Each structure stands twice: as C-alpha cells, then as structure tokens.
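Read-outs: derived from the displayed coordinates by stated rules, not from any lab. None of these values were measured; they are calculated from a predicted model. Ideal geometry is used to build each Cβ from the backbone, glycine not excepted, and the neighbour counts take in all protein chains shown.
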Protein chains: 4
Amino acid sequence: MISTIGVLTGGGDCPGLNAVLRAVVKTAIGKYGIKVIGFKDGYRGLVTDECRELILNDVSGILDRGGTILGTSNKDNPFKFMITSKEPIEYKDMSDMCVQNLVKHGIDCLITIGGDGTLTSARDFARKGLNVIGVPKTIDNDLSATDITFGFNTAVTTATEALDKLHTTAESHHRVMVLEVMGRYAGWIALESGIAGGADVIIIPEIPYDINKICDKIIDRKSKGRNFSIIIVAEGAKPLDGDVVVAKVLANSPDPIRLGGIGNRLADEIEKNIGVETRVTVLGHLQRGGHPTPSDRILSTRYGAKAVELAVEGRFGKMVSLKGTEITEVTLEEAVGKLKQVPPDNDLIRTGRKMGLCFGD
Amino acid sequence: MISTIGVLTGGGDCPGLNAVLRAVVKTAIGKYGIKVIGFKDGYRGLVTDECRELILNDVSGILDRGGTILGTSNKDNPFKFMITSKEPIEYKDMSDMCVQNLVKHGIDCLITIGGDGTLTSARDFARKGLNVIGVPKTIDNDLSATDITFGFNTAVTTATEALDKLHTTAESHHRVMVLEVMGRYAGWIALESGIAGGADVIIIPEIPYDINKICDKIIDRKSKGRNFSIIIVAEGAKPLDGDVVVAKVLANSPDPIRLGGIGNRLADEIEKNIGVETRVTVLGHLQRGGHPTPSDRILSTRYGAKAVELAVEGRFGKMVSLKGTEITEVTLEEAVGKLKQVPPDNDLIRTGRKMGLCFGD
Amino acid sequence: MISTIGVLTGGGDCPGLNAVLRAVVKTAIGKYGIKVIGFKDGYRGLVTDECRELILNDVSGILDRGGTILGTSNKDNPFKFMITSKEPIEYKDMSDMCVQNLVKHGIDCLITIGGDGTLTSARDFARKGLNVIGVPKTIDNDLSATDITFGFNTAVTTATEALDKLHTTAESHHRVMVLEVMGRYAGWIALESGIAGGADVIIIPEIPYDINKICDKIIDRKSKGRNFSIIIVAEGAKPLDGDVVVAKVLANSPDPIRLGGIGNRLADEIEKNIGVETRVTVLGHLQRGGHPTPSDRILSTRYGAKAVELAVEGRFGKMVSLKGTEITEVTLEEAVGKLKQVPPDNDLIRTGRKMGLCFGD
Amino acid sequence: MISTIGVLTGGGDCPGLNAVLRAVVKTAIGKYGIKVIGFKDGYRGLVTDECRELILNDVSGILDRGGTILGTSNKDNPFKFMITSKEPIEYKDMSDMCVQNLVKHGIDCLITIGGDGTLTSARDFARKGLNVIGVPKTIDNDLSATDITFGFNTAVTTATEALDKLHTTAESHHRVMVLEVMGRYAGWIALESGIAGGADVIIIPEIPYDINKICDKIIDRKSKGRNFSIIIVAEGAKPLDGDVVVAKVLANSPDPIRLGGIGNRLADEIEKNIGVETRVTVLGHLQRGGHPTPSDRILSTRYGAKAVELAVEGRFGKMVSLKGTEITEVTLEEAVGKLKQVPPDNDLIRTGRKMGLCFGD
C-alpha cells in the first residue's frame, strides 16, 4: 500500500506542468488519502533534499497557469550531477543520495514529469529498484512512446498565432516572412502550425531543403499575383547540399543552436538568390510559456490522474502514454531514448503536398 | 475522370467550414486542375440553382475565419423542401431538380459539408445514384463515424475560456456559477470543457442528475473552505426523477430547446435547496463562431483535401473520417443516423471521478 | 505619519481589482515601509473583523488575474448592515464597529476600492472623521468623477470579441444577431464595443429606441445585399413609446433586471414586425471576469500607487481619478452619487452616425 | 464641393489601417455620396498610377483585420522617389507626376495614412497647394501632435502577452528573461507593456542605462527570494557610459538596427557581471501584425470618419489628432518632424519608481 508519493518536474518549461501536478495532488489526496511531497527544481531538489508537502490549496487555481509551482531545471542528471559549474566542471553520481532522501520522507513512489532526459534518469532509478512512474512532457512532441505530449498543442497554438500576425504584414508589404520555431530534431511544431497558419513553405529537420525549391515556390506565387510568402522553419532544419554548418553545431555541442541561425540563413539565401525582401522572426521562449490550451489541460489532467492510479496499483517502472483516445502505459525501458521524427509519408505532409505547399524538396 | 466538383455547406454554423472549402478549392484546382462550383446556403442553392465558380482568390485569407463564404441553412432538406413557410406549410421533393442542376453545370461529384441532417440527404442522393462525398461537421462531436468533428475543439475552447472568466468571479463572490453549453443529446462539449476549465460539477444528457448530489457537492466544498463552485451543464441534461419537462420539449418539438432552460432550472433548484447564491450564464451562439483553433484548422484542411482525393479516385458515397491519427473514409450508409453519446466508462469521466468531480449521479 | 493602511474591495467583480491591490501593497511596503491589512469581502470583513496582513508574496503573480484575492460583496453597506437575511430583514448601522476595528489594528488610513455604493460608504466614513481614500471601480464606466474606470476596457474587449464571433454566424445564416451587454443606466459598454465590433445598431439607455427605426435599418441593409445585421443592446435600454415595462422594473425594484429581458424583447419585436430570423445572446457575467487587458492593468496600477501616495501625504477624503492622461484626485463628496451617462453629442455617437449606424432614434 | 477622395496607406504595417480605410469609405460613400479611390502601396501607387475605386463591399469584414487592403511601402518618398535600386541608386522628384494622376482621376482631396515620413510628404504636397489630410499612424506612439496613435494599443497588448508567457518560464527556471520590443527613439511600448506585464526592469532610449543598476536589481530580488527577473528593453536603448556602438548604427545608417542587438548585449552583460542565466526574446514583426484591439479599432474608426469630415468641410492641410477624449485636428506643418519621447517625469515612470521598478538609472 502506498501512503506517500513524491513528485518532481524536470527539463525545459512546458505549458501543462501545473495541470499534471494538480491532477496528481487532487487524485492522491482526494481519492486515496495519499500524502504528496514535491521536490524543487527537478532532480536537483531530490539531491539537495529541498521539498515540501503539497496540499489541495497549493494546486488551487493553477490548472490554467504556465510554468511549474515546483520549479524545474534542465541540467540536473542525478546520476551525473554537476558538483561545480566552474572549470574544471566536476560531476558526481548522486543517485544514492536521492534514494536516501526518498526513504527519509517515507516516499513509496516517485512520479517524475519530464522529457527524454528526465525520463532516462527515471528509468535508471527504476533499474536501481526504485518505484518510479514517468509522465512524458515536451513541447516538441518527439517522444516515441506516446501519440502526443502535453505542451505541444499550446506551442502549436502560439506558433500559429504568430503566423496569423505575420500574414497580414507579409501581404501588405509584399514580403517573405520567415518564422523560426522550436524543433531541433523533429519538425512537429513547424509542420502542424505551418498547416494551421497557412504557411506556403514548411522546412523541417526530417526533410533537408534545397534553397532553389524554396525560391521557385516564392517566384511561382509571384507569377500568380501572390506577392508574399510565409515560411516556417524548425530550428534544426538543414540544407540538402554538403553545407552542414548547422548540423555540425548540432552534433558537436551540448549547447542549444544559436536561435535564429537557420531562420537568418534562409532569409539571407532568399534575398541573395531572388532579391525578394525577407524578414525573420524567432519565436523562441514564447513557445514554452503561456496558459495551456484546453487540449493540453485535459491531457495533463488525464496523465496526472493516471500516474497516481498506476502508483496505487503498484505498476512501477512505467510511463503514462496516450494511444489513440486512451491513456495507457508503457515501460520506461521502452519509452526512453527513441526520438519520434516526422515520417516522410505522414498524413499532414501528404495533405500539404496536395494543397501545393513546398517542403523544400 | 472528374472535371468539375460541386460543394455546399449545410446545417448550423461551425468554425472550420471555410478551412474545408479552402482545402477543397486549393487541392482541386492546384493539384488536379478540377473546376469547383459552390452552391449558396446549403441544399437551398442546389434547389434554386444559386451558385458560382470558386477560384483560388475566393479562398485566400479564409483559413482562420469563422462562418462559411457559401452561406448555410439549417432547414433545407432537398427531399422535403419547404415550398412555403406560411400555414399550411407545404413541402415538396426537389431532389430531381437538384440532379438537373448538377447535370446542367457538368458537375461530376458533389461534396457536402454538414451534420447528420445534411449527410442524410447526401446518403439519399447517393442512393439516387449521384456521386456524393460527405464531410462531417458538428460542434457537438456527436457523429458516430468519426473520432472527432471539426468545430468541436473551437467550441470547447470557447466554453473553457468562459469557465476561466467565471472562475475568479465565483471565487471573489463566494457564488455558484452555472454555465450552460450546447449539447442536446450528447455532452461532449460540457465534458471536455468542464475538465479543461476546472468545473466542480459536470452535468450531461447521458447521466441524468440528482439535484441532491449536486447540492451535496457544493456543501462538501464549503465545508473544506471552498466557498464557490462551478457547474457546467449541457442544454439537453435532464433530472433523474420523473420530472421530464425538458425531455418532453425535446421529443415533441422540432424547435431548439429554449436556451437557458436547464441552466436556470438548476440555479433555481440550488438556491431553493441550500440557499447559496447562484448565477447562470448561457453561452449560446458564441460557441458556433470565432476563429477556428489550430487543431480545427488542421482537421478541416485534412478533411477537405481528402474529400477531393476520394472524388478523383471515384470513391463515391463515402464520408471522410478521422480514426486515431489517420484520415480515412466510411460509407455514408454507415455514417448517418447514429448518435455518438458519451459512454458511461469514458476515460474523461473516469478521470473526473478520480479527481472528485460530481457528475450528478 | 502613516504606519498601517487598511484595504478592501467592494461591489461587483471587476477585472483589475487584484492589480490595484498589488500596486497598493508594493508601493506601501516597498517604498514607504507601511504595513498593509486587507479586509475580507468588502465592508463585511471590516464589520466582522476578518482581515489579514498582506505581504509582498501575497500579491506576486496576481497582476493579470481577474477577481480579488480579498473577496468582495455587493450587499454590505456598513451604515445599513444586513443583520439577518430572513424576513423580516433587519439592518443595523455598524459603522462604529468598523471604526473600532480599524483602531484595534492601528490602521491610519483605509483604502476602499469599489463602485458608487462602496464609495458612498467611504464618503460617509470620511464624514465621520475617518481617514479614507477611494479608488473608483466599475466595468460600466458610469462614475462621473473620472474619465475611465478600470475594468471597463476589459469588459469592452469581452463584448467586442463576442460580436466578432456572432458576426460570421450572422453572415453565414443571414440572421439578425442581438447581443445584450451590461449597462443598466449608462450605455458605455454597448457604445464602445458596438463601434469596435462593427455593430449595425447600438441601443443604449440614454437614447430610447423606436423599433421601427431598427427594422428600417435591417431592411435597408437587406436591400443593399447585406442579409444580416448585428445589434448590441445595453440591458437598461428602453423603448420610446409609452410601453415602460422594462423601465418599471428598473424603478421599482432593487433587483437586477432579469438578464435577457431587453434582448429577447427586441428579438421578438423584430421577428414579429419584419419576419427576419433573430437570435439573442446574453453576455452576462462573462463581462466581469477574465484577465484584465494591458490598459486596465496599467490604470489599476496607477490608481493603486496613487492611493498610497495620497495616504502618505495625508490627503484624505479623496478619490483617485484619471483626467486626460494624468492621475489626479477629487474629493469623495464630489465623486459619489453622480451617474455619468453617454451625452447625446458624444463623439463616438457622432462618429457612428456618420458611418450610418442606427441608434434607434 | 468634394466629389472624389483619394486615399493611401504608407510606412510600416500597423494594426488599424484597415479600420481607418473602412471608416473613410463608409463615411464618404454612405453619408456624403463621395467616390473613393485607393492607391496601391503608399505613394508608390500614386506615382505609378496604380489605383482602384473602393466601394462598400471592399471594406466589409476588414474592421478586425491587420494589415492594409491597399498595400503599403516604407521606401516611397514621392519627392525623392527611388528610380532604380541598383548602384548607383537614383532618386527623382515625382511629385508633379502624383499631382497629374490626382487630377486625372478628378480627386479633390487626398487622405494619407502614415507615420512621420508619410505625413512629411503630405505636408510637402500641401505646400505645393494640394488638398491633403493626414491620419497619424505608428505603433511606436512617437508622434508629438496626437495623444495616441492607432496600432500602439495592439502593439502594447502583444508585448504584454509575451511578458505574461515569459513570466512563468522565468519563475520556473529561476532565470532572467529579456524581451526586446520596438522603439528606436521612444520607449512607449516598453514602458506601457513593462508596467502591464509586471516587468522588473524597463530600459528605454530616453533613460541611458547603467548595467550595474540592472544587476543590482536582479541581485536585490534574489536576496528577497525572487529568483527570477523580467527585463523589457526598447530596441533603441543605450548604455550610460561612452560605449555608443548602438547609437552609431542609429546615426549612420538608414537601415533598421539589427534586431536583437541591445537585447543580446544586455543578456551578455548580465551573465558576465553576475553569472545569472539570462535568455533573450526579440518580439520583432509580431508587434506590427494581428487583429487590432477594440481600443485601436475605435480610434482608427474615429480618425477615418473625422478625416472625411475635414475633407467635406474644406479644412485641408490638417492632420486628425486625439486630444484627451476628443478627436480634433492640427496643421500638417505643426504635426511633422517632432518626435514624442517619454518625458522623464512621465506619470507611468513615476508610478513604476514608486513600485520599485528599475529604469536602469
């Protein structure tokens, strides 16, 4: 029998984290009388034992709020914990310390909410014998073990609203407008918001682009009296030809790609090749914030309630997952380390092609 | 080989109609060089031969607009067409006239976008031997042959935003707030927006309610220091006991239920039973309007492009349909006449129950 | 020297109340080191001595939240306080009790945030010799001593968004759509949102309407191919002719007009007179909720900071006020009891007339 | 007597342009029976004689749309018109050609909607004896002859919504978030949205900043447990010390400042000085697009209707202007060439200082 649950939120910010926490707390306390302890700033709080009990009042009014009341961190691997950030940087395995802290608080099961990094640590704790349950989170929607992750719908909505705003300006000024969105390895945000926002060109990491194809599209539109074009590009997009500058950065560096890299590059290439005035907007951190959409609030709530149910039923080492219209679970072993990219025959891509959109190929 | 397609939009207004029309026109003209003729105001325009060619310019800039550029009508059954609206009302079968008009314009296939009524007429035309393809539309999401209909996500978003607004007022004034939303036979909008908007009580037609259970919930919340409650109710909800006033209206009348019927009734019952100040808001027509959400724009676009593809492939008598993440098709024969209600073991209901929500039972 | 300030929020809910509280607390504590005590539910908390100290943490994150963290009440005149709500209802002057409670907590000045009722009590306390400062609040914008009240811009935005939603549906269905908004004695919300939302007819209490003029406008539009019309009506609007049913309710009753009264009446008259399908939406409580707009957040913040400044400078018995672009003050004696109606030569009305809008006269 | 009016929109895109056009057309045609001719892409269309008659149908449904149906251009001085964009760039005075084109179409008065550049050309046409009326437009609100310009409220709303999104992420990650907004010479957008969005630091061109003051503020907040800070900076902000790199770019170049210049610089300085993780978002073109807010729609409508009235009354050489709550007019001679910067004793700055905000000085 479970009497106390621990919970933490790790990785980059994502709309819906608070909704998961609310569902966990309301289900645990309200239905099962289970105590909930929240750790601060992802695994960091588990290492340093910064935590507090979460009661019903703590989660009142947070369903529609972005961010996480627990705080988060995206550099906090407990198995390779950064002891000092000064050179030479030192790491140490603090996982035993984490286990001790859990034991100290009498925690029977730990619910970790996060992306691939956070969930990989969850799996490693499961291998260590800990009772762990994962909840998948990423605005990028690139986790393979679930149909959709929460936060994604909100990010798509933010990006679509940006396209809506750029549209009338592009049309009024007869310009090309480039919107760079998140998606280092997978182009889901660019693809969905590109279709929803009526983009003319969608460039994603999965389909290396030929700049000539993009320019052809712009010129073809001009010839039909459409003196403007809207391009959406995922930050991880790369050209078809040998020029792999951007890809190199991806491969060699733990750092994020410089935001605006690919967007500015595209704009420069277009202006150089065909002389059409082109402007770039980098959506950046706006995609991670804001009120979650109703769809994301619902998904987050279902995930949170399901996670507690799994804990109560003693089904540990699992991650909650959406398959079709049902919330189900997969093992953490299956869940992590597999990137979900946009497949070339994806129905949205096929739909886009039918409608005449250019994907750069 | 298809050279000309006809298209019409029937039934109540729904966000995404224009997005479907845009996808139909862009796919037909852009990809296949097919001419598109749009009929005005649903089947009415087909009867009276009011139509015009739709070109690419007509659908530019309409992706994010509510309504339909073709106009619609919700009393226009071509097989029982109202000849005069004065008493005695006279009806006549005008379906042959419709066929003549289609022939006159050389239309090889008719795409009808609408709800169960519109699609039933489509099926009847198919039985007559016409090449027809249906696109399912209803903000209520109550068509059984597709997982989701476009317009539903936008309606849920509008209802959720209304709950968000009522929430802080309820809390500040220590009131019960009742929001009445659409859903005469199925409670999907109330259910999804109730979960997304953090309602405390969700009342849907599928679960007859006991007013005492609702009052108990309000009192229970008060006892925990929560001096306010949010109730969302579908217009077709009905009490558990023998009192079937509302249901009678449903059964005997072609007219819509008087808006605010059930909402006001609930408020009166609550004030009478437990003396808590209760206010009603009837969302009404706001649910049918507005910019479609990105999700609805995507779904509408996929439906429209798919409908043209079916036409080109000569697969007539079908309705496009979403199953899981794929757009597929079903026969119009299967598609119509079957209401999709919320099943009692629906996962959202189970989630709500885990979180302590009251469903009136 | 001021060392402790009391604060309360009274009257109907209004977006921006929290922003005022935040400004009061941040200015008082941060700049002057003054302690702030908040009373619960308007004057009720002052009578019953329900209060708590407000610290910086209490007002963190509330700038963009609707409602009020202090709670409010709209039946709480401390000079005529309802002792029992059962018949026979008994009232009692509890103002001395209020003064005692203020003294008990060492409060040097009371800041009351509210509409005409709340501010009238503030004036009465000032007459009693209390140090009081008022902050004007009403979504209706009908206080004469300030150019604009906070909450008004948000209410106008909510009403305009509703008109936007109704517009495409009206157009698609060739209907008349009536939107009833707040404004029992003054038509500011109807006027501003009517202009902003492109209404064809605007009916306000200040201009009694002739139903024939409204019907003429609808028919005139039809004759020009505009088969739909949008009407916005303030709840307190009344017909020109002798039929004063609605007006009687206004005069004889302390109760709010039944929502939907005038809207439904207008729709019935239009359908009866000219047979055009007409639908009504009553916006109701949605106008009082929601996130305040940036304009309202700014105005609320300026008001709150100014109120503390007046307290520090010992300028009591005043109400903060916006005149042009400056925040200034007026005496509470001048401020209360004077309704600000829309004058007949208001520039927005003149603008509307130039554009061909119908005001029912 | 006026029988034909010409109209054009010049300069950068701005929400509300379409609302002005709608008001001009509805007032001119509907009230006065005046014909309206619209020129394409600002003065460019006047030079090249690209124009078309605008009828009521052209302006239907555009009240809430961003952009301009006439198109615009921001490099189109008719008195120094770029004949070739290739080196060596050649300019030519085409103002006589403009006058000829106006005469050719029988245009009695030209209404020009634009910012300082567009209005300066309008003044020069007035000096040439042409009947011209100006309508002030700029999202920056930096025209001295009017209290507010349309587009500004929408830009402030977009920037405030961005701050709202960044807020929860900053708080969850304990970061400094920098938002760079428009405002090359005047900080109105940064100031208003900074107050409305709860920024901790507001940096505007009018107040050169000391990086140490900004860092002190961040550290002071940390010491009080507020582990995050929000900074909003206008693109034209500059440091107090001698380092005038950014200013030089301003002075020597006709090109826009590289977006992200000052934002990135601030972030680098903060990270270097106090080692706090800092992220930058550049709002860019999103500020120029989108649906105009109700306030901007109202102001645009009033401006447009007033401009036609001035034309009818023969009061040429004027610009419409908002003073307090009234629409009035000023001469174009007075209106142009005077930048409206934020004065040091501006009430919003004083309010911000009372609340503890840092302005970098």
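Legend: mean number of C-beta atoms from other chains within 10 angstrom of residue C-beta atoms, peptide B:147-155, equals 1. Electrostatic bookkeeping for A:Leu143 treats Lys and Arg as +1 and Asp and Glu as -1; over the other residues with beta carbon under 12 Å from its beta carbon, the sum is -2. Distances, shortest first, from the label point of D:Gly225 to those at the same position in the other copies read 1.7, 6.5, 6.6 nm; the point lies 7 Å along Cα to C-beta.
Shielding value for B:5-11 is 0, the average number of Cβ atoms from other chains within 10 Å of each residue's Cβ. Charge dipole of region D:1-160 (Cα centre as origin; +1 on each Lys and Arg Cβ, -1 on each Asp and Glu Cβ, all else neutral): 380 debye, rounded to the nearest 20.
Panel order for C:Lys318, B:Lys86, by other beta carbons found within 10 Å of each beta carbon, from fewest to most: B:Lys86, C:Lys318. Of interest is the spacing of the C-alpha centroids, which for region C:59-100 and region A:1-45 amounts to 37 Å.
Multiplying the residue separation of C:Ser223 and C:Arg353 by 0.36 nm and subtracting their alpha-carbon distance yields 44.9 nm. Between region D:266-329 and region D:154-230, what is the C-alpha centre distance in whole Å? Their Cα centres are 20 Å away from one another. Pairs of Cα atoms nearer than 8 Å and 6+ residues apart set the relative contact order; for chain A it is 22 percent. Computed on the Cα atoms alone, the convex hull of region B:309-361 gives a volume of 100 cubic angstrom per residue. Note on region C:79-232: antiparallel DSSP beta bridges, both residues inside, total approximately 20 percent of the bridges counted. Here the Debye sum runs over all C-alpha atoms of chain C as equal scatterers in vacuum, and log10 of I(q)/I(0) at q = 0.08, 0.14, 0.15 Å⁻¹ comes out as -0.43, -1.07, -1.18.
If only the Cβ of Lys and Arg carry +1 and only the Cβ of Asp and Glu carry -1, the dipole of chain D around its Cα centre is close to 440 debye. Sticking with the crude label model, points 7 Å out along Cα→Cβ, report the distance from C:Lys75 to D:Asp93 in nm, one decimal please. Those two pseudo-labels are separated by 7.7 nm.
When Rg and the Kirkwood Rh are both derived from Cα coordinates, the Rg/Rh ratio for region C:92-141 amounts to 1.00. Report the one residue of B:Gly314, B:Pro343, B:Thr293 whose Cα lies farthest in the direction of the positive end of the charge dipole of region B:291-361 (charges on C-beta: Lys and Arg +1, Asp and Glu -1; origin at the Cα centre). Farthest towards the positive pole: B:Thr293. Does region B:155-288 come out rounded, prolate or oblate, given a ≥ b ≥ c as the square roots of the eigenvalues of its C-alpha gyration tensor, rounded meaning a/c under 1.5 and, failing that, prolate meaning a/b above b/c? Verdict is oblate for region B:155-288.
For the protein assembly as shown, the normalised intensity computed at q = 0.04, 0.06, 0.07, 0.08 Å⁻¹ comes to -0.23, -0.55, -0.77, -1.05 (log10 of I(q)/I(0), Debye sum over alpha carbons, equal scatterers, no solvent). For the protein assembly as shown, the Cβ-based charge dipole about the Cα centre amounts to some 0 debye (Lys, Arg positive; Asp, Glu negative; other atoms uncharged).
Shielding value for A:102-112 is 0, the average number of Cβ atoms from other chains within 10 Å of each residue's Cβ.
Cα extents for region A:22-166 along the principal axes, largest to smallest and rounded to whole angstrom: 51, 46, 28. A simple count of charges around D:Pro292, restricted to other residues whose Cβ falls under 12 Å of its Cβ and scoring Lys, Arg +1 and Asp, Glu -1, yields +2. Around the amide H of B:Ser229, modelled in the peptide plane, lie the amide H atoms of B:Arg175, B:Val176, B:Met177, all under 5 Å away and 5 or more residues distant in sequence or on another chain. Cβ-Cβ distance of C:Glu333 and C:Arg52, R₀ of 30 Å, FRET efficiency by 1/(1 + (r/R0)^6): the value works out to about 0.45.
Span-like helix check, chain D: qualifying full DSSP H segments, with Cα axial length of 30 Å or more and mean Kyte-Doolittle of -0.5 or more, are D:152-173.
Mean residue ellipticity, 222 nm, helices only, chain D: the sum of -39500 (n - 2.57) across DSSP H runs of n ≥ 4, divided by residue count and rounded to 500, is -11500 deg cm²/dmol.
Plainly put, the tip 7 Å out from Cα toward Cβ on B:Glu326 is 1.7, 7.1, 7.2 nm from that tip on each other copy, the closest given first. Looking at the protein assembly as shown, the DSSP beta bridges with both ends there are about 30 percent antiparallel. Label-point spacing for C:Asn273 across the identical copies (point 7 Å from Cα in the Cβ direction), in nm and ascending order: 4.3, 6.2, 6.7.
In this structure the amide hydrogen of B:Gly71, modeled in the peptide plane, comes within under 5 Å of the amide hydrogens of B:Asp41, none closer than 5 places in sequence on its chain. Of all residues in chain D, the one whose Cβ lies closest to the rotation axis carrying D onto C, together with that distance in whole Å, is D:Gly324, 2.
Taking a ≥ b ≥ c as the square roots of the Cα gyration tensor eigenvalues, with a/c under 1.5 meaning rounded and otherwise prolate when a/b beats b/c, else oblate, which class fits region D:79-238?
Working: a/c = 3.46, a/b = 2.68, b/c = 1.29.
Taking the square roots of the gyration eigenvalues as a ≥ b ≥ c, region D:79-238 is prolate.
A simple count of charges around B:Ile219, restricted to other residues whose Cβ falls under 13 Å of its Cβ and scoring Lys, Arg +1 and Asp, Glu -1, yields +3.
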